[in-house]
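Engineer: Quick one: the structure is below, questions incoming.
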């Protein structure tokens, strides 16, 4: 819902160019809430309001707009105003935004930035999006190891406005090589011991991310070690930047969303659902639909192959969708559970036998229960009670097969170095469909033949 | 993989009761890594190693063990040693652990704790698990508004060892009512202005969580406002505790995993996949499988209803699984995309018409493409080219129906106040299966009849 509470007042202030009230609107509230109250304004109006905020506040409020609005603002407005804003945006966020602008626009804005920011942007642009380098910000507190706690705090106080986080200080030598890390918490606790230097306090066993490391692996480290930020280093351990906890939440969300999409046989979108091009979207879905379609074609050949049996026992045809869907559903349950358990680290490859034992018990329980219901229905339809037995026996077998396939394939995929979510559900569906028909007709042959 | 690098040395140190080396092992490394190196030890051995660590370090290392090991340790060892450990565990984590112990065991441990910790545990136990109260820790920095930056830092230094985070200070009045918030960053930046008090610096527009608020809503606030921690208040705005960013990552992970499970028709597990009881697991899956089974039964009745047509045109039977699966797969793609987009906030209710327009375009593209392939196959099987047209026409119609159902139902569910992930894929599958058959036979009737 768009928050429209302040819209009339805001528009009135703009019409009157009421500087005092607009400045107050930009400063009193939490910047996130200020942005919320501006949601109903046009981009033009919102931009005008922003001009009444102090530069650092302006970039904070701007940071809470959705990406679409942010990009339109950077695209449409006066380059010098835009450059003044870009200067204040945290280094990691502004690079992500600049990547989305046209080259001409970037060339208009870059020359208006201070040389240091310009270099910084160019350097960060050279890192790949899904690596530690692509996530990091270069605004990090680097200090020498000789400082005392009090000196370090004073130094931090001077730098604080340029830093994204001040909750870890990084101790580096003259080559920027990472020596250790001191948390502000340790610093504060050490105020009572003026003789201690950063070198005495620092933790030297630092968890670091390599600049080329995949973002998901970085996120797992941050989660595992409960970090507020992780330092990013190059191969010779030079400190290049840090990745902060808010970016890690985004990575976790992205990772799990991609998982869910892969499980449903969609290649990960890598963009907003409403923003992605329709042709790209069709491609990302069509490629899997087509693969699944060919898998399902096999069922047509199988059924054709069993033409004779099906003509002889017509009532068997009625249960085909039921049997196939029971196998497919139980298989996709197993696959999804195993995939999500592996993503969250609950299931490792070494657990495969436990998974299989548990799945066989569960599938026997589920299969027997559904077989009972199926039998109850089949006795009304089949020519005899003996004939009706085809349905429960098939259901039990198909559900057990479905669960086993669903549980096994993600583990096998993972073992083979592939993403377990990548092809498992389509694979499971395809295999179980065809298995289901083969089991069904052969059970029928034996019992009815 | 279990890290076995230090195992032989560790066992040797234990056998020799080598205090100096064991103490060193517990202190030099990052506590997370210390825990990793202990993974291969038995719980008994690991407990013994822990006794060589200082109390606060001991609880840090303990915090990195997996939950199973943590619980076994609390369950099996000497109550007084356990109580000494429990005293040091952060307030929110220890309550979660204690909830899992038997009442007898809790009664053994609680009396050995200092009265303050005991009261604290009892209070936190009274909050529900999935609310802000269940997530929060009570270890929070509360200060009066008259302090200067320097005084506040010194006071923080004294309290730091008992606090989970010192990165926000909460300014409260004499009733513990929340007045405002000061970040350590502001504090550090204000060191140069000794005349400023916390009251001057504090932000009064504070984003808070209500103690009974659902954890997902809390997580969204923390994400939206990029917070390191969020204060938890009761109805009269008294500060009860805070929730820190690491707990928020866990909530996001839990929420998205539950989504993926619901999409695959499994009621959320609420426990580790390998730890949950098999009967519970069967129940959580069986209930949905049964519902889906009854939906699929409808297809059996439909096919029985069309017995005559199917006996007349036997080749139509061969394509039944193909048609059903094409509709089901495209529907579950749409449903998954819409559900994940709604969870991440990209799609809101007001976007429904955009979603439907986009889905109709994509489904026409996908449907036409698969219809072409289907036609190419059908001409080889069907008696005439005209007859073969049944397949592509049906495929196109079924895929468009599947996508529309898949995209619409999650939005309708959300609008009705239900969890969009709750029933959408099963619903979509059921509806599309039956629709698929009805469309198929009727297209056949018109073209072949």
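The values are calculated or read from the model by the stated rules, or taken from the named source; none is laboratory data. Bear in mind that the values here come from a model prediction, so they are computed numbers and not experimental data. Cβ coordinates were reconstructed from backbone atoms using ideal geometry, including for glycine residues, and neighbour counts include every protein chain displayed.
Engineer: Consider residue B:8 carefully, then state whether it is under 34 Å from the mean Cα position of the chain (by Cα) and at pLDDT below 90.
Structural biologist: Answer is no for this residue.
Engineer: Then there's this: Out of all the residues in region B:321-331, is one or more touching a helix residue (DSSP H, G or I) at 6+ places or on another chain (Cβ under 7 Å) and not in a helix (DSSP H, G or I)?
Structural biologist: no
Engineer: Also, quick follow-up: Test residue B:393 against the stated conditions and say whether it is in contact with a helix residue (DSSP H, G or I) (Cβ under 7 Å, 6 or more places away or on another chain) and more than 7 Å from every other protein chain (Cβ to nearest Cβ).
Structural biologist: Yes: the conditions hold for residue B:393.
Engineer: Does any residue of region B:113-135 turn out to be at pLDDT 90 or above, more than 13 Å from chain A (Cβ to nearest Cβ), assigned to a loop (DSSP other than H, G, I, E, B) and touching a helix residue (DSSP H, G or I) at 6+ places or on another chain (Cβ under 6 Å)?
Structural biologist: For region B:113-135, residues at pLDDT 90 or above, more than 13 Å from chain A (Cβ to nearest Cβ), assigned to a loop (DSSP other than H, G, I, E, B) and touching a helix residue (DSSP H, G or I) at 6+ places or on another chain (Cβ under 6 Å): absent.
Engineer: Specify which of the listed residues (A:69, A:75) is in a helix (DSSP H, G or I) and either buried (at least 17 other Cβ atoms within 10 Å of the Cβ) or within 26 Å of the chain's Cα centre (by Cα) (or both).
Structural biologist: Exactly one residue qualifies, and that residue is A:69.
Engineer: Would you mind stating whether residue A:271 is within 21 Å of the chain's Cα centre (by Cα) and in contact (Cβ under 8 Å) with a residue 24 or more places away in the chain?
Structural biologist: No.
Engineer: If the requirement is being within 14 Å of another protein chain (Cβ to nearest Cβ), touching a helix residue (DSSP H, G or I) at 6+ places or on another chain (Cβ under 6 Å) and surrounded by fewer than 21 Cβ atoms within 10 Å (Cβ to Cβ), which of these qualifies: B:162, B:186?
Structural biologist: The match here is B:186.
Engineer: Please go through region B:329-343 and pick out each residue that is at the interface with chain A (Cβ under 7 Å from one of its Cβ atoms) and farther than 18 Å from residue A:325 by Cα.
Structural biologist: Those that are at the interface with chain A (Cβ under 7 Å from one of its Cβ atoms) and farther than 18 Å from residue A:325 by Cα: B:336, B:337, B:340, B:341.
Engineer: Any idea which residue in region A:291-300 is nearest to residue B:358 (Cα to Cα), counting only those that are without any contact (Cβ under 8 Å) to a residue 12 or more places away in the chain and touching a helix residue (DSSP H, G or I) at 6+ places or on another chain (Cβ under 7 Å)?
Structural biologist: Restricting to residues being without any contact (Cβ under 8 Å) to a residue 12 or more places away in the chain and touching a helix residue (DSSP H, G or I) at 6+ places or on another chain (Cβ under 7 Å), the top hit is A:293.
Engineer: Quick one: in region B:296-328, of everything that is surrounded by fewer than 21 Cβ atoms within 10 Å (Cβ to Cβ) and within 13 Å of residue A:323 (Cα to Cα), which residue is farthest from the other protein chains (Cβ to nearest Cβ)?
Structural biologist: Residue satisfying both the conditions and the ranking: B:298.
Engineer: Taking residue B:416 as the residue in question, decide whether it is without any contact (Cβ under 8 Å) to a residue 12 or more places away in the chain, more than 10 Å from chain A (Cβ to nearest Cβ) and over 23 Å from residue A:329 (Cβ atoms).
Structural biologist: In short, yes.
Engineer: Restricting the search to region B:249-274, which residues are surrounded by fewer than 18 Cβ atoms within 10 Å (Cβ to Cβ), in contact with a helix residue (DSSP H, G or I) (Cβ under 7 Å, 6 or more places away or on another chain) and more than 8 Å from every other protein chain (Cβ to nearest Cβ)?
Structural biologist: B:267, B:268
Engineer: I would also like to ask the following. Among the residues of region A:24-43, count how many are farther than 21 Å from residue B:207 by Cβ and either without any contact (Cβ under 8 Å) to a residue 24 or more places away in the chain or surrounded by 21 or more Cβ atoms within 10 Å (Cβ to Cβ) (or both).
Structural biologist: The qualifying residues number 1.
Engineer: In addition: Just the residues that are touching a helix residue (DSSP H, G or I) at 6+ places or on another chain (Cβ under 8 Å) and buried (at least 21 other Cβ atoms within 10 Å of the Cβ), please, taken from region B:224-243.
Structural biologist: Passing the criteria: B:227, B:228, B:229, B:230, B:232, B:240, B:241, B:243.
Engineer: Separate question: For region A:83-100, check the following and say yes or no: at least one residue is more than 28 Å from residue A:141 (Cβ to Cβ) and at pLDDT below 90.
Structural biologist: yes
Engineer: Specify which of the listed residues (B:159, B:122, B:107, B:116) is under 28 Å from residue B:82 (Cβ atoms) and in the same structural domain as residue B:185 (by TED's automatic domain parsing).
Structural biologist: Matching residue, one of B:159, B:122, B:107, B:116: B:159.
Engineer: Go over the candidates B:311, B:346, B:333 one by one and state the one that is closer than 17 Å to residue B:441 by Cβ and out of contact with any strand residue (DSSP E or B) (no Cβ under 7 Å at 6 or more places or on another chain).
Structural biologist: B:311
Engineer: Of the residues that sit in region B:275-289 and are facing chain A (nearest Cβ under 7 Å) and free of Cβ contacts under 8 Å to residues at least 24 places away in the same chain, which one is surrounded by the fewest Cβ atoms within 10 Å (Cβ to Cβ)?
Structural biologist: Looking at the filtered set, the residue picked out is B:278.
Engineer: Show me the helices (runs of 4 or more DSSP H) found entirely inside region B:12-62 where at least 1 residues are modelled with pLDDT under 90, in the same structural domain as residue B:88 (by TED's automatic domain parsing) and within 28 Å of the chain's Cα centre (by Cα).
Structural biologist: B:31-37
Engineer: Would you please name the residue that is farthest from the other protein chains (Cβ to nearest Cβ), looking only at residues in region A:189-215 that are free of Cβ contacts under 8 Å to residues at least 40 places away in the same chain and touching a helix residue (DSSP H, G or I) at 6+ places or on another chain (Cβ under 9 Å)?
Structural biologist: A:200
Engineer: While we're here: If I filter region B:347-359 down to residues being more than 9 Å from every other protein chain (Cβ to nearest Cβ) and in contact with a helix residue (DSSP H, G or I) (Cβ under 7 Å, 6 or more places away or on another chain), which single residue comes out as nearest to residue A:287 (Cα to Cα)?
Structural biologist: B:359
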